[in-house]
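The values are calculated or read from the model by the stated rules, or taken from the named source; none is laboratory data. Predicted model only: the values in this text are computed from it and were never measured. SASA here: full protein model, heavy atoms, side chains in, ligands and nucleic acids out. Shrake-Rupley method; radii C 1.70, N 1.55, O 1.52, S 1.80 Å.
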Amino acid sequence: TAPQGDNDNTRLGGKRTFDQAKARCATYQEAGYPAGRWRLPTEAELCYIYGLQSLNVITTLFATNTNYWASSGRIVSGYSTANKNATFTTSTGSNGLRCVYDIWYWGEEPATSINEYHAEP
């Protein structure tokens with residue numbers, strides 16, 4: 001699941017409700033990776049990304065002291081570097097978001113046209 005979209009909490013104007021976060025990812029686009037192909041990450045993907053970040057394997061993708069939406073509608077409310085696990089809770093408020101793009105489905109090459117869709121298998 002890469003590339004990963006902008007950290008909407010810090011770069012695009014603040015935190016969002018769950019419905020707003022889903023809508024934001026559905027309309028997100030970046031450098032040849034068109035709208036309609038982005039989504040909120042699963043809880044497992046968030047755990048994986050947090051783990052890689054805590055090991056300094058990838059650049060920092062999540063702001064400190066910020067909760068992030070998972071596609072389940074729950075938020076990551078904490079990550080333990082010692083235990084290598086995340087804590088998820090429910091929320092009705094506004095939280096940060098990251099959008100992900102499925103390379104395994106869409107392929108690694110950016111679209112040549114904003115209207116280009118994945119070919120049928």
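A few comments on the model shown:
- An oblate overall shape is assigned to the stretch 25-107, the ratio a/c of its alpha-carbon gyration tensor axes (a ≥ b ≥ c) being 1.5 or greater and a/b not exceeding b/c.
- Solvent exposure ordering (accessible area, 1.4 Å, most first) of TYR68, TYR50: TYR50, TYR68
- For ARG98, distant residues with modelled amide H under 5 Å away: TRP69
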